[in-house]
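The values are calculated or read from the model by the stated rules, or taken from the named source; none is laboratory data. Bear in mind the structure is a predicted one, so any value in this text is a computation, not a measurement. Cβ atoms come from the backbone with ideal geometry, glycine included; neighbour counts cover every protein chain shown.
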Amino acid sequence: MFEIKARDKMVERALLAGAYGDPALKDDAKDLLEELEELVRTLGIPVIDRMVVYNREPQARYLIGSGKAEEVCARIAETGCDVVIFDNELTPAQQRNWETLSKVTVIDRREIILDIFGNRAQSREARIQVDLARMAYSLPRLTRAWSHLGQQGGGIGAKGDGESQLEQDKRKIRGQIDRLKRELVGVRSSRATQRKDRKRAPVPNAAIVGYTNVGKSSLLQKLTGADVLVEDKLFATLDTTTRKIALPNKQPLLLTDTVGFIRKLPHELVESFNATLEEAAHSDFLIHVLDASQPRVIEFYNTTMSVLADLGADTKQTLVVFNKMDKVGDDGTREVLRKHFPGAVYISVKSGDGFGKLVERISEFVSNGTKRADLRLPHARTDILARLHREGTVHHVSYEGEFIEVSATVPGRAMETLSPFVVDADGLLLEPLAP
């Protein structure tokens, strides 16, 4: 992949370029370049210039026309940059053509995001997923990475008269991809087992989702006291973190922080991070966090919903939470947000404003997934009574003869386990116990 500081050359001056084909999309192209600059600076690379290029239709050789390509090269010479980063996706051939023309390193947005993910991955699961995405991206670009591709090797295992170094490298990477996919299957199996265990002890679960750098980890830390990494950076953390909290009504809730989304998220990462993102798909409801101070907040909302749709999680019950309200001084902006998201909660993790309302709304969401039930437990099943105290809200307990009479509010998915002990309004068991 792309090296920030290769031994033979220091990459430290970046020119950002973005092509757009519709005059009406010029402002969007500029906004995307601003976001790309944030991504590039996250890797520690100074950005010395940006340029947007109008291009009526994509060209096979350079993506943009040869005349526009010459303009970019003139800017490269003028600025003295040593890397050009396109916001647009480049094919392997276009990257090679650009590097031949410009005599500098040329990469695209996808490679920047993959490198950030590579730097941020901490857990074994995240490293496997990032490595898989990076190798899938690198495989068709090997001819750009090596200068010894014409070498031929003979001997046992060689193909025909000799196998080129490129063929050997491709075969090696395909083998590594297969190995990583097998490891990822194991990770998903382990995560499924953990999820099954959680369902066996049915504490409701909410997944915190949203665009990168909107304050998801900060929110988890504020609600649970979890020791999680909180930084004002894009993709500060890639690993999911699940913590348990007790709501004011003593109902427990599991909160899971997930990796942030971004526009033009490489499909390799969406596919590779399914093992992580599926936590959102299997949660009871979602907490969708948005940055209220972001001018394009509605577009960022749509980006997140698009990724959730790919995961089959876009139809889940969702609590929309606008963070960073302390940075919104414009009443007009507040009115627009309330108009588009009438059921949202408005908070500031930094100041703590709105947290009482947030916890109240979370409690409502949990209550919507719970049921009130009257149960009759044998004295030998005090384990169930303990579980009701642990996972639900016990309203009344009385010891009557051979049974313990309990009135409690429990998670809806716990009813299947508790159904043999549920009694109706007349005090009769709905499912008679086996003799």
Search result, residues across the stretch 70-103 that are of a type in the set (A, V, I, L, M) and closer than 17 Å to Lys264 by Cβ:
Ile85, Leu90
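Taking the stretch 321-353, which residues are of a type in the set (Val, Ile, Thr) and in contact with an Asp or Glu (Cβ under 8 Å, 6 or more places away or on another chain)?
Within the stretch 321-353, the subset of a type in the set (Val, Ile, Thr) is 321, 328, 333, 336, 345, 347, 349.
Of everything in the stretch 321-353, just one residue is of a type in the set (Val, Ile, Thr) and in contact with an Asp or Glu (Cβ under 8 Å, 6 or more places away or on another chain), namely Ile347.
Out of all the residues in the stretch 23-33, which are under 18 Å from Thr212 (Cβ atoms) and either exposed (fewer than 14 other Cβ atoms within 10 Å of the Cβ) or of a type in the set (A, V, I, L, M, F, W, C) (or both)?
Narrowing the stretch 23-33 to residues under 18 Å from Thr212 (Cβ atoms): 31-33.
Scanning the stretch 23-33 gives Leu32, Leu33.
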So is Arg338 surrounded by fewer than 18 Cβ atoms within 10 Å (Cβ to Cβ), within 25 Å of Gly215 (Cβ to Cβ) and not hydroxyl-bearing (Ser, Thr, Tyr) or not?
yes
Of everything in the stretch 191-208, what is in a loop (DSSP other than H, G, I, E, B) and modelled with pLDDT under 70? Give them in sequence order.
Ala201, Pro202
Of the conditions (1) within 14 Å of Ala14 (Cβ to Cβ); (2) surrounded by fewer than 20 Cβ atoms within 10 Å (Cβ to Cβ); (3) of a type outside the set (D, E, K, R), Pro58 clears all except one; give me its number.
(1)
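For Ile362, state whether it is surrounded by fewer than 16 Cβ atoms within 10 Å (Cβ to Cβ), among the hydrophobic types (A, V, I, L, M, F, W, C) and within 22 Å of the chain's Cα centre (by Cα).
Numbers: surrounded by fewer than 16 Cβ atoms within 10 Å (Cβ to Cβ): no; among the hydrophobic types (A, V, I, L, M, F, W, C): yes; within 22 Å of the chain's Cα centre (by Cα): yes.
So Ile362 fails the test.
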Per the filter on the stretch 357-416, residues farther than 17 Å from Leu253 by Cα, of a type in the set (Asp, Glu) and modelled with pLDDT under 90 are Asp374, Asp383, Glu400, Glu402, Glu416
Criterion violated by Thr79 - all others in (1) free of Cβ contacts under 8 Å to residues at least 40 places away in the same chain; (2) over 32 Å from the mean Cα position of the chain (by Cα) satisfied
(1)
Restricting to the stretch 82-139, give me the number of residues that are without any contact (Cβ under 8 Å) to a residue 60 or more places away in the chain and over 16 Å from Ile177 (Cα atoms).
17
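In the stretch 209-233, which residues are β-branched (Val, Ile, Thr), closer than 25 Å to Asp131 by Cα and at pLDDT 80 or above?
Residues of the stretch 209-233 β-branched (Val, Ile, Thr): 209, 212, 214, 224, 228, 230.
If we keep only those that are closer than 25 Å to Asp131 by Cα as well, we get 209, 212, 228, 230.
Within the stretch 209-233, Val209, Thr212 meet the criteria.
From Gly153, Gly157, which residue is at pLDDT below 70, on the phi > 0 side of the Ramachandran plot and either loosely packed, with under 15 Cβ neighbours inside 10 Å or assigned by TED's automatic domain parsing to the domain that holds Asn97 (or both)? Give the steps one after another, and end with the answer.
On the way: Gly153 fails: on the phi > 0 side of the Ramachandran plot.
None of the others qualify; the one that does is Gly157.
If you take the residues in the stretch 81-117 that are of a type in the set (Asp, Glu) and over 22 Å from Val130 (Cβ atoms), which one is surrounded by the most Cβ atoms within 10 Å (Cβ to Cβ)?
Looking only at the stretch 81-117, we keep the residues that are of a type in the set (Asp, Glu), and these are 82, 87, 89, 99, 108, 111, 115.
Cutting the leftovers down to over 22 Å from Val130 (Cβ atoms) gives us 82, 99.
Values: Asp82: 18, Glu99: 15.
It comes out as Asp82.
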Here is a list of conditions, (1) surrounded by 15 or more Cβ atoms within 10 Å (Cβ to Cβ); (2) in contact with a strand residue (DSSP E or B) (Cβ under 8 Å, 6 or more places away or on another chain), and Arg387 meets all of them except one; can you say which number that is?
(2)
Would you check if Val187 is hydrophobic (A, V, I, L, M, F, W, C), surrounded by 13 or more Cβ atoms within 10 Å (Cβ to Cβ), part of a helix (DSSP H, G or I) and at pLDDT below 80?
yes
